[in-house]
Amino acid sequence: QPAAVLGTPSAEVLAAVRDAWEEYRKPARVLLVLDVSGSMGADVEGTGSTRLELAQQATTNALDDFAAQDAIGLWVFSSENVRGADPWQQVVPIGLRDDVVSDLELAVEQLVADGGTALYATTKAAHDAVDETASDASINAVVLLTDGINEHSDNDLEAVLDQLETEGTETGVRVFTIGYSEDADHETLQQIAEASRARSYNASDAVTIDQVMVDV
């Protein structure tokens, strides 16, 4: 098995499939969730930039890869000491790319690093926020970037995984995680991604973040 093997498509056919991808794929509904804790202000050796500055540039560049029919929003998170009652903050509500891209670019440019890392609480809240408006006709996703480990009083990882697994259906919300720097809790980020049937990306070398964002 298999009894019959299909031949390799021609270069012309492969090119046509690639070019038609944006037109025929499901539209995406994506919430970008960026860690702005104090460690994001660390300098990245050999770049003259901080982790946050590289992440800001990578996020802005990645906006060009979304299509007009895609919807995008932005949250940031650190700790309750910085953000008030909740450790996360909605910066730009999810909206169609062309309607919100200017607001997203401006908001990303103005981000400041401070506070701790509320990883678990933010993951659950972001997942719920996207799930409330999820559509069967869309790819519903959270893209969460962090350079640290959970430092918040909500430290129940099993509760996070249980919530994500409950929604782990074909039309459920997928949480794609990016472990940014060697200090990130890559093992936990992998568990979060797998529970939601998504993928975790490793950007331990901070200078790779631009390519990692494009890959996501």
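Over the chain, average the accessible area per residue using a 1.4 Å probe and give it in Å², no decimals.
Result: 50 Å² per residue.
Name the shape class, rounded, prolate or oblate, that the alpha-carbon gyration tensor gives for region 7-48, where a ≥ b ≥ c are the square roots of its eigenvalues, rounded holds for a/c under 1.5, and otherwise prolate holds if a/b is larger than b/c and oblate otherwise. Please report the intermediate quantities before stating the final value.
Numbers: a/c = 5.50, a/b = 2.19, b/c = 2.51.
Oblate, since a/c reaches 1.5 and b/c is not below a/b.
With both partners inside region 68-177, how many of the DSSP beta bridges are antiparallel, as a percent to the nearest 5? List each step's numbers first, then the result.
On the way: 6 of 10 bridges.
Antiparallel: roughly 60 percent of the beta bridges in region 68-177.
Give me the accessible area of TRP88, 1.4 Å probe, in Å² rounded to the nearest 10.
60 Å²
Sorting ARG18, ARG197, ARG29, ARG51 by accessible area (1.4 Å probe), largest first, what list results?
Numbers: ARG18 165, ARG197 100, ARG29 60, ARG51 35 Å².
Listed by decreasing accessible area, they come as ARG18, ARG197, ARG29, ARG51.
Rounded, prolate or oblate, given the Cα gyration tensor of region 85-199, with a/c below 1.5 counting as rounded?
Working: a/c = 1.70, a/b = 1.05, b/c = 1.62.
Judged from the Cα gyration tensor, region 85-199 comes out oblate (a/c at least 1.5, b/c at or above a/b).
Round to a whole number: what % of the accessible area of the chain belongs to carbon and sulfur, probe 1.4 Å?
Numbers: 5170 of 10910 Å².
Carbon plus sulfur share of accessible area: 47 percent.
Heavy atoms of the protein only, probe of 1.4 Å, neighbouring chains included. What is the accessible area of LEU106 in Å², nearest 10?
Counting only protein heavy atoms, LEU106 exposes about 90 Å² to solvent.
To check you understand DSSP bridge types, tell me what percent of the beta bridges within the chain (both residues inside) are antiparallel, rounded to 5.
Working: 8 of 32 bridges.
Bridges in the chain that DSSP calls antiparallel: roughly 25 percent.
For a quick check: with amide H placed at 1.01 Å from N, whose amide H comes under 5 Å from GLY115's, ignoring anything fewer than 5 positions away on the same chain?
Correct list: GLY38.
In region 1-68, with Lys and Arg counted as +1 and Asp and Glu as -1 at Cβ, which of these residues, SER37, GLN1, ALA16, has the Cα nearest the positive end of the dipole, that is, farthest along it?
The listed residue farthest towards the positive side: GLN1.
The values are calculated or read from the model by the stated rules, or taken from the named source; none is laboratory data. Here the structure is a predicted model, which means the values were calculated and not measured. Note that we place each Cβ from the backbone using ideal geometry, even for glycine, and neighbour counts take in every protein chain shown. In case anyone asks, the SASA skips ligands and DNA or RNA and just uses the protein heavy atoms, side chains included. Shrake-Rupley method; radii C 1.70, N 1.55, O 1.52, S 1.80 Å.
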